[in-house]
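Here the structure is laid out as structure tokens; the discussion comes afterwards.
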Ligand SMILES: [Zn+2]
């Protein structure tokens, strides 16, 4: 095993020749050869379980895309990482693209998976999440319901769009204090959250006017055509003009007639 003098020799030589060099791309050679066993999700991380207890994690953040492409297809915009894959005698690519580089890709070992999971509260789609547990994690947060829903360490999987629609559907004002919520309302919020998220999955997600979100084949989602209150002018329930304000710097839409603040 190289010891300090050997490692030092290499480091000094690398520094002499490579400092200020720009890394244009990284190629991982064939001997990586790990098989993709299964692709799952932890909160908003896409998790590729690889052979030998290794995991490749992608987080799309604001502008990331993961695209399944034929190898000879012209380059996509903003390609960052390309995996060349073989299956059933054919080759293809998985391309991670990101215009602004807020997304990330990371290779981690099995021990780190539990650490990743522990960063997040219960997944909103988990069958094991009971209204009682949902209520207790909300109440423990001591903030308003909109903030609590967006805090992924409280409950995982509700983003800004879906939080707006969920609160409208549940006739709940976004500034409602979590410690004023009772079990009946927690049950309603949980059921409606599951309904909205499942419906958006059926619609293959929402693509906003920035056209950023596409699925793994480059196709837009359609759930933007089914928003309840998010980005709407008038309430679909009573016709009142929808109010828009920033709550904790996140754009918040609500109906002042249907979603009255009860303190
Ligand atoms: Zn209304």
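The values are calculated or read from the model by the stated rules, or taken from the named source; none is laboratory data. This structure is a prediction, so every number in the text was calculated from the model and none was measured. Glycine also receives a Cβ, built like all others from the backbone with ideal geometry; neighbour counts cover every protein chain displayed.
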(request) Sort out for me the helices (runs of 4 or more DSSP H) sitting completely within region 57-165 that have 2 or more residues that are closer than 30 Å to residue 233 by Cβ and modelled with pLDDT of 95 or more. (result) 145-150
(request) Give the residues of region 148-173 that are farther than 19 Å from residue 205 by Cβ, away from the ligand (no atom under 16 Å from the Cβ) and surrounded by fewer than 23 Cβ atoms within 10 Å (Cβ to Cβ), sorted by residue number. (result) 151, 153, 154
(message) Please go through region 189-216 and give me each residue that is over 17 Å from the mean Cα position of the chain (by Cα) and buried (at least 18 other Cβ atoms within 10 Å of the Cβ), ordered by number.
(response) 189, 190, 192
(request) Kindly indicate whether any position in region 68-76 is in contact (Cβ under 8 Å) with a residue 40 or more places away in the chain and within 24 Å of residue 157 (Cβ to Cβ). (result) yes
(request) Kindly indicate whether any position in region 187-199 is within 16 Å of the ligand (Cβ to nearest atom), under 30 Å from residue 64 (Cα atoms), modelled with pLDDT of 95 or more and not assigned by TED's automatic domain parsing to the domain that holds residue 103. (result) yes
(message) Please verify whether residue 220 is assigned to a loop (DSSP other than H, G, I, E, B), more than 16 Å from the ligand (Cβ to nearest atom), within 30 Å of residue 41 (Cα to Cα) and within 20 Å of the chain's Cα centre (by Cα), treating the condition exactly as stated.
(response) yes
